[in-house]
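Worksheet for the structure shown next.
The values are calculated or read from the model by the stated rules, or taken from the named source; none is laboratory data. Since the structure is predicted, the reported quantities are computational estimates derived from the model, not experimental observations. Using ideal geometry, Cβ is built from the backbone for each residue, glycine included, and neighbour counts are taken over all protein chains shown. Heads up: the accessible areas ignore ligands, DNA and RNA and are worked out on the full protein's heavy atoms, side chains in. Shrake-Rupley method; radii C 1.70, N 1.55, O 1.52, S 1.80 Å.
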Amino acid sequence: LRGEAFLWPHTPIEDEALSSAAQLFISMGLIEDGLNLYRWVEQRTPTRGGAIAYDEVVCSNAPKLFDVLRNQGDVTRALGIYRSFLDDVRMHACVDPQTRSDAATAAQAAGLPDLAAKWLGQAVAEGVARADAAENLVQLASIYLEEGKVDSAAKTLDYLENLQMERSSLRTDAVRADVLAAQGRFDDAISSYDNAIEASLRSIRTRAAV
């Protein structure tokens, strides 16, 4: 394949040879190397030739690699894969809302609230199960609060309550309490914290979140 690429520089034949090499890397388990080669070919000749079946290959492999890296605790590389391959209009159909929500969580953990808010907003807009959508909105409110956007956080929680979605009362009350405290409404904040603590005692599974 390298020999063919050398014989036909800057032609669709070279692109096809390099794309085949990238697919070979992926089939051998070198997914990150294969994707990076694919992206290089696609960016080098975007209007002529380009990587063979770029969208299909990226759709099949980038979400898997993102999950693998994130589950291994390699958040930085996982976010690099997401931003390089999946944070693209062409790829929106390839990324399910849960993956986008996971990317937002990883971005928040990495100290990138702007990216987290962007991807959470996309996940909410694209639609997920009602409980997941509610959790995304609560997380979005929490991000706004971390950024000092208290009014935006309050409006997000108000929007969630108006939708009357099924949600975790523990998580919602805890974030609402944080917002109320930031607004200086301390009596209301104490009441909301009390509600969160009460909710945590109803189930063994939620006690660790107190």
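Return yes or no: is Arg77 farther than 26 Å from Leu140 by Cβ, of a type in the set (Lys, Arg) and not in a loop (DSSP other than H, G, I, E, B)?
no
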Among (1) farther than 23 Å from Ala109 by Cβ; (2) among the polar types (S, T, N, Q); (3) open to solvent by 50 Å² or more (accessible area, probe 1.4 Å) - the single one Asn61 does not satisfy:
(3)
Please work out which one of (1) modelled with pLDDT of 90 or more; (2) open to solvent by 50 Å² or more (accessible area, probe 1.4 Å); (3) farther than 14 Å from Arg2 by Cα is the condition Gly49 fails and give its number.
(1)
Go through segment 83-100 and give me each residue that's open to solvent by less than 60 Å² (accessible area, probe 1.4 Å), assigned to a loop (DSSP other than H, G, I, E, B) and not hydrophobic (A, V, I, L, M, F, W, C).
Asp87, Asp88
Of those in segment 101-128 that are of a type outside the set (Gly, Ala, Ser), touching a helix residue (DSSP H, G or I) at 6+ places or on another chain (Cβ under 6 Å) and part of a helix (DSSP H, G or I), the residue most open to solvent (accessible area, probe 1.4 Å) is Glu126
